[in-house]
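Here is the structure we will look at, set down as structure tokens.
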Amino acid sequence: MIKIEHLVKTYGNFTAVDDISFEVGAGEIVGFLGPNGAGKSTTMNMLTGYLSSTAGSIEIDGIDILAKPLEAKKRIGYLPEQPPLYFDMTVKEYLDFAYDLKGCRLDRKKHIDEICEVVKIKDVYHKLIGHLSKGYKQRVGIAQVLIGNPKVIIFDEPTIGLDPKQIIEIRNLIRNLGRDHTVILSTHILQEVQAVCDRIIIINKGQIVADEKTENITRAVETSRRFSAKICGPQREVLAMLREKPGIVYAEPLAERDGDAFTYMIESDVGIDIRKTLFYTLAERGWPLIGLESLGMSLEDIFITIVDAQGQKKNDKAKNSRVKRGADAERDVAARIMEKTAQSQKSAAKSIFDRRDD
Ligand code: ADP
Ligand code: MG
């Protein structure tokens with residue numbers, strides 16, 4: 001449904017989008033994830049014909065966006081980072097305006113009614129857009145996107161500035177739209193794409209660094225085997241016990257003290273959940289466990305890991321994302337990410353320990 005090949009955008013000497021290629025099939029919900037400044041909005045703006053590309057090609061539903069921009073744009077609904085709302089129009093006026101602008105031919109009243117039902121804005125239909133809450137404004141933006149029933153829907157940071165309840169509502173709405181549309185959700189929030197998308201494309205510094213099923217990224221982030229444990233008791237004895245305990249492959253004290261409690265970084269063996277047995281062992285010894293926290297991974301850690309792995313694959317660059325999506329690569333990602341964070345945590349913990357022992 002969407003096919004991007006060797007897309008480039010430069011601003012003067014600066015390359016904002018650096019030779020990216022990917023495809024999105026009909027009915028897919030794909031997350032376009034990357035830190036601020038990665039080139040997400042630039043890519044979305046080119047994809048929707050808002051911005052011209054420096055090089056490369058874009059096809060929407062088999063139509064080249066440069067050759068037939070109007071034809072291609074008819075198939076796209078776009079919610080840019082700054083939704084194009086007119087605050088002095090009522091919702092009704094605005095949706096009528098969007099309907100006319102898009103040259104929509106569907107039954108006007110029925111179509112707009114249905115959309116208002118889907119995005120839940122019937123109760124504010126006659127209100128001025130400027131008077132609506134941020135959450136409602138966003139829904140009106142989404143309503144505009146749906147006019148003309150486009151096959152492809154693109155959202156750029158759709159939940160920015162919303163409160164937690166509104167965020168959940170908008171995410172649910174996007175997920176529901178994904179049932180019968182092709183959707184690209186561009187965001188810098190990992191949880192957002194995890195919650196909504198089947199597949200995640202990660203972009204960093206204008207380049208695609210990963211193209212994976214969501215479950216592979218999620219597994220990498222969530223199956224953490226590392227914990228920080230806060231335990232009351234003599235530090236050396238507790239540490240010795242932790243290091244001898246079956247199922248624990250690594251334990252180091254962290255430079256944190258809270259009364260008679262010390263904090264330790266613990267890593268368990270693959271496939272073992274040591275939390276319960278750790279609790280019982282500590283209880284037996286009379287060393288209360290007063291805190292146990294899973295050490296997750298930040299988005300930055302994930303980028304670094306993937307970028308590193310990418311460096312080794314530079315020679316495969318011509319084949320790009322197709323290669324990485326092979327079964328082996330999918331299995332590897334989680335392992336690579338875990339390994340990398342464990343290493344960096346170990347060295348951090350070790351240097352603290354070294355200093356304390358001197
Ligand atoms: P994202 O949406 O991922 O946060 P953008 O696509 O907005 O990133 O921007 C990518 C990079 O391109 C940033 O470094 C940004 O400063 C730069 N950039 C964006 N638009 C322009 C412009 N019109 N002129 C010069 N640089 C720009
Ligand atoms: Mg952006």
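Bear in mind that the values in this text are calculations on the coordinates, not laboratory data. The shown structure was predicted, so the numbers you read here are calculated from the model rather than taken from an experiment. All Cβ positions, glycine included, derive from the backbone under ideal geometry; neighbour counts span all protein chains shown.
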Please report the net charge: other residues with Cβ closer than 12 Å to the Cβ of SER186, K and R +1, D and E -1. -3
Sorted by Cβ density within 10 Å, fewest first, the residues LYS102, LYS137: LYS102, LYS137
Rounded to whole Hz, the Karplus (6.51, -1.76, 1.60) HN-Hα couplings of the stretch 172-187, x for glycine and proline: 4, 4, 5, 4, 5, 4, x, 5, 10, 9, 8, 10, 10, 10, 9, 7
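Give the order of TYR99, TYR11 when sorted by the count of other beta carbons within 10 angstrom, beginning with the fewest. The partial results should precede the final answer.
Working: TYR99 19, TYR11 10.
Ascending number of Cβ neighbours within 10 Å: TYR11, TYR99.
May I ask you to order 276-287, 159-170 by the average number of other C-beta atoms within 10 Å around their residues, highest value first? Walk me through the numbers before you get to the answer.
Details: 276-287: 13.7, 159-170: 15.3.
So the order, starting with the most tightly packed, is 159-170, 276-287.
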Which distance in nm do the two modelled labels at HIS131 and ASP180 give, with both placed 7 Å along the Cα-to-Cβ direction? 3.3
Search the structure for amide H atoms under 5 Å from the amide H of ILE153, placed 1.01 Å from N in the peptide plane, and list their residues when 5 or more places away or on another chain. GLY77, THR182, VAL183, ILE184
In sequence order, calculated HN-Hα J values of the stretch 21-32 (Karplus, 6.51, -1.76, 1.60; Hz; x Gly/Pro): 9, 6, 10, 10, x, 4, x, 7, 10, 10, x, 10
Under the rule of at least 5 residues apart or a separate chain, name every residue whose amide H is placed under 5 Å from the amide H of TYR250. GLU267
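In the structure displayed, which of LYS230/LYS276; LYS9/LYS134; LYS92/LYS151; LYS68/LYS134 lie more than 26 Å apart, Cα to Cα? Please list the in-between numbers first.
Details: LYS230/LYS276 15 Å; LYS9/LYS134 32 Å; LYS92/LYS151 23 Å; LYS68/LYS134 35 Å.
Violating the 26 Å Cα-Cα cut-off are LYS9/LYS134; LYS68/LYS134.
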Could you state the orientation-averaged shadow area of the convex hull built on the Cα atoms of the stretch 16-119, in nm² to one decimal? 8.3
If amide hydrogens are placed 1.01 Å from N in the peptide plane, which non-local residues have theirs closer than 5 Å to the one on GLU256? THR263
